[in-house]
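I have placed the structure first, in the form of structure tokens, so that the comments after it can refer back to it.
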Amino acid sequence: MPDTSLDVFTGPDRRDWDTTPDGIVRMAVVGLGNYARTVSLPAIAESEYCVPTVVVSGTETSRIETAREYDAVGLTYEQYADGEAEDEYDAVYVATPNRLHLPHVETAAEHGKSVICEKPLEATANRARKAVAVCEEAEVTLMTAYRMQADPVVRRLREFVRQGGLGDPVRLFGNFSFDVLGGSNGPDQWRLDDHLAGGGALMDVGVYPLNTSRFLLEADPVAVWGTTRTSGPFGDVDEHVDFGVEFPEAIGNFSASFSGHSNAELSIHGTEGRVTLRNAFGVNADRQLTVETTEGTLDLEGFGRDETVEEFDYFAHCLLTGEEPEPDGHDGLVDVETAMAVYRAATEGRRVELD
């Protein structure tokens, strides 16, 4: 009989993948937008198994200042493409707008460098397929940067689901919403450019409940349906999206928004229990987990690690040990294909099956 007790949540901060290998992976960070500068680079610098040694940007001030801060080599995109300083890094982190992922992944593969690429993997399914193919042809690792898969809280939850702690999962509900125009961010940003982003709320934040649910269920979608809405400055991208996902043995209902009150929550309902994860997808958020089963109710909060540090350490660990990362390029491709199917379902007003 499987162990379905709540004891799986004992020691929630543990790294179930860490074999403490020797070595360090030198990282080139391609794209120095706000997220790369304020979240990713500090995480790489804090990690145990990787270090930033090269930074790439088309903005001179950002390139120079960031290179100085991390004692790294600063390159333009042209210099990166030409292979300058390629002896200074072992792997590449791509953090440019979605439609620019492919050329930077291609450059990394051309120089024999493994890649961790921000989600979504690309702006279209065809471009995502090309990114996967070019890395396979070059025999380099491609990991999609799904930080939630490295979050110890989420990993403990997957163990619990895998061991039958909820019985059979039957329904999932998830939402991720934030005010994309809040603070100093105006409408002149790449997230609202359909050409660069490939979509709006679905592509940027809707992939979080989608991918995290796939990770927890260890299953891929078989069909989707959905609806999108937009207004005012959001133009051609979806401001709001509501979509349903049929898994082989469960159904998920998810939503994402670029406006309104910020929220991030995921819940799984099974035949023998329910779990709810609050503050589910925020960067280094204080996640709150409630598990309700016939064994009792467990409330956990204030635990876990910085999942972005975990993400980069996990990627570097895979390179140092020769293991394939779980959120590989194919994982990212499935989400882009699913998102494109949701958009098609919303346009055509029908349920769309996935191959």
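Considering only C-alpha atoms, what is the centroid distance from segment 78-133 to segment 159-232, in Å?
23
For the Cα atoms of the chain, what angle does the longest principal axis make with the long axis of helix 125-138, in degrees from 0 to 90, nearest 10?
Result, in degrees: 60.
For the chain, take the longest principal axis of its alpha carbons; what is the angle in degrees between that and the long axis of helix 101-110, to the nearest 10 within 0 to 90?
The angle comes out at about 60 degrees.
Quick one: which residues, 5 or more positions from ARG171 or on another chain, have an amide H under 5 Å from its amide H? H modelled 1.01 Å from N in the peptide plane, none for Pro or chain starts.
Under 5 Å from the amide H of ARG171 lie the amide H atoms of ILE251, HIS269, each far enough along the sequence or on another chain.
With n ≥ 4 as the cut-off for DSSP H runs, can you work out [θ] at 222 nm for the chain, using -39500 (n - 2.57) per run divided by the number of residues, rounded to the nearest 500?
Using -39500 (n - 2.57) per qualifying helix, the result is -9000 deg cm²/dmol.
Can you send over the solvent-accessible area of ARG278, 1.4 Å probe, protein chains only, in Å² to the nearest 10?
Approximately 90 Å² of ARG278 is accessible to the 1.4 Å probe.
Evaluate E = 1/(1 + (r/R0)^6) for ASP355 and THR61, where r is the Cβ-Cβ distance and R0 equals 56 Å; express this FRET efficiency to the nearest 0.05.
So, using R0 = 56 Å, E works out to roughly 0.75.
For the chain, which span is the longest to avoid every loop-located (per DSSP) member of GluC sites (Glu not before Pro) having at most 11 other Cβ atoms inside 10 Å?
No qualifying site falls inside 1-138, the longest such stretch.
With all protein chains present and a 1.4 Å probe, how do TYR70, TYR93 order by accessible area, largest first?
Most to least solvent-accessible, the answer reads TYR70, TYR93.
Determine the per residue accessible area of the chain with all protein chains present and a 1.4 angstrom probe, expressed in square angstrom.
Accessible surface, normalised per residue, equals 41 Å².
Subtracting the Cα-Cα distance from 0.36 nm times the residue separation, let me have the gained length for THR19 to THR347 in nm, one decimal.
Contour length minus the Cα-Cα distance gives 113.3 nm.
With point charges of +1 on the Cβ of Lys and Arg and -1 on the Cβ of Asp and Glu, referenced to the Cα centre of the chain, which listed residue (VAL241, VAL134, GLY33) lies farthest in the positive direction of the dipole?
Of VAL241, VAL134, GLY33, it is VAL241.
With the full set of protein chains in place, find how many percent of the accessible area of segment 124-212 is carbon and sulfur; take the probe as 1.4 Å.
About 46 percent, which is the carbon plus sulfur part of the accessible surface.
Relative to the longest principal Cα axis of the chain, at what angle does helix 207-217 sit, 0 to 90 degrees, rounded to 10?
Rounded to the nearest ten degrees, it is 60.
Using alpha-carbon pairs under 8 Å, 6+ residues apart, how would you state the relative contact order of segment 12-135 in percent?
Relative contact order, segment 12-135: 23 percent.
If the chain between ASP299 and VAL170 were fully stretched, how many nm would it gain, using 0.36 nm times the residue separation less the Cα-Cα distance?
Length difference between fully extended and current span is 44.3 nm.
Give the distance, in whole Å, between the Cα centre of segment 280-355 and the Cα centre of segment 27-62.
Using only Cα atoms to place each centre, the spacing works out to 22 Å.
Please state the charge dipole magnitude for segment 80-149, taken about the Cα centre, from unit charges on C-beta atoms (+1 on K and R, -1 on D and E), reported in debye and rounded to the nearest 20.
Here segment 80-149 has a charge dipole of around 640 debye.
Taking a probe of 1.4 angstrom, what is the accessible area of PHE247 in Å², to the nearest 10?
Counting only protein heavy atoms, the figure is 10 Å².
How much length is gained on full extension from ASP71 to THR271, taking 0.36 nm per residue of separation minus their Cα-Cα distance?
Fully extending the segment from ASP71 to THR271 adds 66.6 nm.
Pairs of alpha-carbon atoms within less than 8 angstrom and 6+ residues apart define the contacts here; what relative contact order does segment 1-67 have, in percent?
For segment 1-67, the relative contact order is 31 percent.
Nearest 0.05, what FRET efficiency do GLU88 and LEU196 give at R0 = 25 Å with Cβ-Cβ as r?
That pair, GLU88 with LEU196, gives E of 0.30.
Rounded to a whole number, what % of the accessible area of segment 230-355 do carbon and sulfur atoms account for, probe 1.4 Å?
Carbon with sulfur: 42 percent of the solvent-accessible area.
The values are calculated or read from the model by the stated rules, or taken from the named source; none is laboratory data. Nothing here was measured: the structure is a model prediction, and the numbers come from that model. All Cβ positions, glycine included, derive from the backbone under ideal geometry; neighbour counts span all protein chains shown. Ligands, DNA and RNA are excluded from the accessible area calculation, which covers all protein heavy atoms including side chains. Shrake-Rupley method; radii C 1.70, N 1.55, O 1.52, S 1.80 Å.
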